[in-house]
Structure formats: C-alpha cells, structure tokens
Amino acid sequence: MSDLTPHTTQTDAGQAPLWQKVSPWALVYFVVHFGVRFVRDGIFNLLPLGFVFVTQVENKLFWGQIAAAVAVSALLSYSVLYYRNFRFCISSDNEILLNKGVFKKERLTLKFERVQNVNIAEPFYFKPVTLVNCIFDAAGSAAQEAVLPGVTQGYAELMRKQIFAYKAQQQLEPDSEVETDEATEQSSLFISNKEIAKFGLMSNMAILALAAIAPLINVVADVLEKQLITKVEGFYEQELGLVASAALFAIFTMFVLVVLIAVLLSVGMSLIRFYNYQLYFKGKKFKRIAGLLERHQLSMSLDKVQSIVIKQNIIARLLKRFTVEFLQASSGGAMAGMAAKKNKQTLVLPVLNNEQVNSVCQWIYPWFNNSALAFKQAERALWYKNLVLYALLPSLLVAVFCYFNEFNYFISVGVLVVFAGLVTLSYQRYGYYLHEDDGRFYMVVRKGMIGVHYRVFELYKVQSASSESTYLMRRSGLKSLYIQLAHGFAFMPYIKEQDADFVIDFTLKQAESDTRSWM
C-alpha cells in the first residue's frame, strides 16, 4: 500500500478494523488547520494579553520573538502528535471510523447513510504532490464533519461513488450522485473575479475586520496620532494653509484610510474564498468549484436543499446584485446553521444579477421569476402598529430631548419622516406567495427594508407550521405565520386568520402525506 494512496478497506464481520494512516504530507494540513483555528478562535481570547504587551512591555522585539518561537514550536509539536495518532478505517458495516486526538483521544463513527455530502478540497500546498482533502459531512452538522487529509483525487472520487451508491441502494432510488447519464443536459454558471470583488463590498467582512481591532482601538489611535495624524496635520497646515481645521481633516483622512483598508481586506477575503467560481448542475446535482488558496469542490444533491435564500442588502442594491444560498438541513438550531456556513457546507452563489438569479433558480423551479410573483401582503394593521412603535414614539422622545436641551424641534420632525419611511418600506416588503407546479406545492416568503430577502421552499420539507397573535390581533381577526424548516424559518406577520389557518393546514398535510425523502 502506498502512503499517498490509501485503499478502501472492508473488514469481515467480527474482525477487528484494519486501521490506516494518511500520507505524511497530511502533516502540512494539520499545521495549517490548527494554525488557522488559533488565529480564528484563539487570537481574540489573547487580545487582552496583547493589549498589555503593547502598552506595558518595554523590550517588545525580544519578547515578541520569544512568544512567536514558543507558539510555532507548540503548533508544530501538537500537529506532529495529532498526525501520529490519526487513523481511519472503512468498516464492513459501511461506516467511516476515525481515531484522533492528542490529550483527549476520540473515535468518530460516521455511517454511510448519514453522509450528506462528500466534498473534495485541493489546498495550494497539496498541488505539487497532487493530493486533496476528502471531506464528509452529515446533515450539515460541523460537529459530525470528517476529513481525510492528503489522499489522492482518485481515492476521494472512489469514496464518493461508494457512499452514494450505498445510499441509493438503501433508498431504492436511482444513484443520482454518480454521473453516468451522459444524455442529461448540464447547466453551468461562471462568475468573474471582477464580480467576486463586488461581493467583498456587499458582504459584512469589512465590518468584521473593523470589529476585530476594536479591543485595541485605543492603542491603534495612539500609534496613529504619533506616527501619522501629526504628519498629516502638518501637511494640511503647510501645503494647503488649513490651520484651524488641520487636525479635523487629519482625523478624517485616517478614518477614510482605515475604512479603505477594511474594504480591501473584505475584497481580498472574498477573492480567496470564491476565486474562479464555477457552478454546474446535472442530474439533480450541484457541483461548485471555487477558491484561491484551496480549490474547494462542493457537491450537493437537489433533494438535500431545504430552501433557497435570495438576499440583497443596501450595497448590493446599489450594485444591482443578489446573493443566493442553497441551504441544507442543520441539526442543533441556529448555531449549527452558522457552523454549517463556516464549514462551507452551504452552497453560496455570491454575486448574481437579476437575470442570473432567475436562470439559476429555474434550473430547479422552472416557474420561478422573482419579478413576476403575485405576493399577498401583510394587513395594514402591521403598518399602523410599526408607525406608532418605531416612528412616532422615537420622534416624541427626540422632541422631549430637544425641549430640555434647547435644540431645534425640526430634528424630531426629521426623525419622524425618516423612521416612517423605513417602516413603510418594511411593511411593503412583507409578502408570501403559494405556487403549484406539476402537482408539487411551493411557497415564497419575502421581507426586507431597503434591501430584500426571499426564501423559497417546497411545502413537504416543512418541519412545523404554527401561528401566533396578540389580543388586539385576535380582535381584528389577524395572525402571524411561523414556518420552521430544517435550516432556518419563514415568518409572515399580520395576515388574515382564515389565510393563516389555511396555509398551516395545507402545509402540514403536504408534509405528512408526501413520502419523498429530503434528508
């Protein structure tokens, strides 16, 4: 057996598992993996220590080198021990077994039928030796994710075919994961890197970058004041003759510079994640390939998609672009859903124009056209309530503040106009749409304010449907509709009681009567 090409081991019943080691090149994966985890999770816990180091330690260069040497030595030692203890086995009971750990040894058992996706990632450091990471995930749960690092592409493809052939046999369904039907038409989508850069402007990565340095903002401000702001202030005074406002202009310049750096970081992170984006759809299966430092290949069966989310924030609206997410089942609630996104188990189409959104969604739902859906809006009582709570009351508070502080009362009028406009936009965005196509029933729920958010799903995949109402709502014959999915939920407030009851009864009927599997 070659170290670079592990074989699939099937032990006979009653025999002890035959454990295998991964390639020695997998040590590089463990070093990078634990290094990234430290930067992502541990560095925030060390920020207070870093603050003390920057403000209190005198010989920073010497002690900084000592700390870096200790950290690198600890990382390398832990990675070597983890690699030596890492073993895997494919048992005769159709299970993936992993033994791993250093101080705390653990065994992970992942049954074939629980594997939702088999994804292949090709990090840049494995390209010279033509190895990949084979990633198994179960029901979108990051806790159940298993990774075989440093295996050959052929072995990863063999594992994928073996697992999904077993799942197809167990479910007595055609093996949709093995692409054998050459007659099936393939649809594709390619997103240019110029468009990917726009996603960096649309996403909240720039805000996260600024939030990361927030605990050190005082230290950063002191350094900027000593090193940059004073020099910029002198430039404004000498070159432009702005003496009175030089300090203000200097601070504004530094603020713009920090925001610009954060935006550039956001764009860079987007390009690293989605570089050379390719998406294919064939035989009810998605295949996405993207990434700069790691070419990550994500496969997803159409049946596993719980809902499609189409969203557009303020920046995206200015750019006339949307982000589309195909969501799988997640266990453990909202935190599991966030972990699924973090571990790249959600299929994200980062930046699409309106025509591309309709085109991609029509691969799955031929009837879908987001500009031609006849939404039923919320009742006007929602608008009245939100006007009072979120526009009138805040403006009254501002008016009282202006009265006691002798400010202009027109400030409260401005607050009323702005908040009333936002409330009206939010009210107009709310809506739901039911659709029947070829005997299958779908629902689209819309919300938003300046931007917009759609959730599209098939009714038989709903886990529960319920309603809620206040005393005043009941007197007006209104209810708010709440639909729980395996990943996320849909909420539609202030609709007529008979409409809410109809949607709940009809949805539960579809969920209970349809025997198709969606997990």
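The values are calculated or read from the model by the stated rules, or taken from the named source; none is laboratory data. None of the values given here were measured: they were computed from a predicted structure. Every residue, glycine as well, gets a Cβ built from its backbone with ideal geometry; the counts of neighbours run over all protein chains shown.
Quick grid of which residues meet (1) surrounded by 16 or more Cβ atoms within 10 Å (Cβ to Cβ); (2) over 19 Å from Asn370 (Cβ atoms):
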position: Phe419; (1), (2): yes, yes
position: Arg429; (1), (2): yes, no
position: Glu436; (1), (2): no, no
position: Arg446; (1), (2): yes, no
position: Leu472; (1), (2): no, yes
position: His487; (1), (2): yes, yes
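Determine whether region 268-280 contains at least one residue that is surrounded by 15 or more Cβ atoms within 10 Å (Cβ to Cβ), among the aromatic types (Phe, Trp, Tyr), at pLDDT below 85 and in a helix (DSSP H, G or I).
no
Which residue out of Phe34, Phe86 is modelled with pLDDT of 90 or more and hydrophobic (A, V, I, L, M, F, W, C)? Quick ask: steps written out before the conclusion?
Numbers: Phe34 fails: modelled with pLDDT of 90 or more.
Criteria check complete, one pass: Phe86.
Could you tell me which numbered condition Ser466 fails, if it satisfies all but one of (1) touching a residue at least 40 places away in the same chain (Cβ under 8 Å); (2) in contact with a strand residue (DSSP E or B) (Cβ under 6 Å, 6 or more places away or on another chain)?
(1)
Can you tell which of Leu387, Leu392, Leu319, Leu352 is crowded, with 19+ Cβ neighbours inside 10 Å, at pLDDT 90 or above, of a type in the set (A, V, I, L, M) and touching a helix residue (DSSP H, G or I) at 6+ places or on another chain (Cβ under 9 Å)? First the steps, then the outcome.
Values: Leu387 fails: crowded, with 19+ Cβ neighbours inside 10 Å; Leu392 fails: crowded, with 19+ Cβ neighbours inside 10 Å; Leu319 fails: crowded, with 19+ Cβ neighbours inside 10 Å.
On inspection, the qualifying residue turns out to be Leu352.
I'm told Phe124 meets every condition in (1) at pLDDT 85 or above; (2) surrounded by 17 or more Cβ atoms within 10 Å (Cβ to Cβ); (3) of a type outside the set (S, T, N, Q) except one. Can you identify the failing condition by its number?
(2)
Mind listing whichever residues of region 290-311 are surrounded by 16 or more Cβ atoms within 10 Å (Cβ to Cβ) and within 16 Å of Gln186 (Cα to Cα)?
Ser299, Met300, Ser301 - these are the residues of region 290-311 that are surrounded by 16 or more Cβ atoms within 10 Å (Cβ to Cβ) and within 16 Å of Gln186 (Cα to Cα).
Do we have any residue at all in region 403-416 that's modelled with pLDDT under 95, within 36 Å of the chain's Cα centre (by Cα) and part of a helix (DSSP H, G or I)?
Taking region 403-416 and keeping what is modelled with pLDDT under 95, we get 403-416.
Filter once more, keeping what is within 36 Å of the chain's Cα centre (by Cα): 415-416.
Narrowing further to those that are part of a helix (DSSP H, G or I): 415-416.
Checked against the condition, which is being modelled with pLDDT under 95, within 36 Å of the chain's Cα centre (by Cα) and part of a helix (DSSP H, G or I), region 403-416 yields at least one hit.
Please enumerate the residues belonging to region 264-318 that are in contact with a Gly (Cβ under 6 Å, 6 or more places away or on another chain) and among the small types (Gly, Ala, Ser).
Within region 264-318, Ser266, Ser270 meet the criteria.
Look at Phe506 and say whether it is touching a His at 6+ places or on another chain (Cβ under 8 Å) and touching a residue at least 60 places away in the same chain (Cβ under 8 Å). So that I can check it myself, show each step before the final result.
Numbers: touching a His at 6+ places or on another chain (Cβ under 8 Å): no; touching a residue at least 60 places away in the same chain (Cβ under 8 Å): yes.
Here the answer is no, as Phe506 does not meet what is asked.
The conditions are (1) without any contact (Cβ under 8 Å) to a residue 40 or more places away in the chain; (2) in the same structural domain as Asn370 (by TED's automatic domain parsing); (3) of a type in the set (Val, Ile, Thr), and Val444 fails exactly one of them. Which is it?
Condition not satisfied by Val444: (1).
Of the residues in region 127-160, how many are touching a Ser or Thr at 6+ places or on another chain (Cβ under 6 Å), modelled with pLDDT of 85 or more and buried (at least 21 other Cβ atoms within 10 Å of the Cβ)?
1
Of everything in region 88-121 that's over 13 Å from Phe164 (Cβ atoms) and of a type in the set (D, E, K, R), which residue is surrounded by the most Cβ atoms within 10 Å (Cβ to Cβ)? Please lay out each step first, then the result.
Applying the first criterion (over 13 Å from Phe164 (Cβ atoms)) to region 88-121 yields 88-93, 95-111, 120-121.
Pick out the ones that are also of a type in the set (D, E, K, R) and you get 93, 95, 100, 104-107, 111.
Numbers: Asp93: 13, Glu95: 16, Lys100: 18, Lys104: 6, Lys105: 9, Glu106: 8, Arg107: 11, Lys111: 14.
My answer is Lys100.
Suppose we filter Leu97, Leu81 for residues that are at pLDDT 85 or above and touching a strand residue (DSSP E or B) at 6+ places or on another chain (Cβ under 9 Å); which single one remains?
On the way: Leu81 fails: touching a strand residue (DSSP E or B) at 6+ places or on another chain (Cβ under 9 Å).
Exactly one residue qualifies, and that residue is Leu97.
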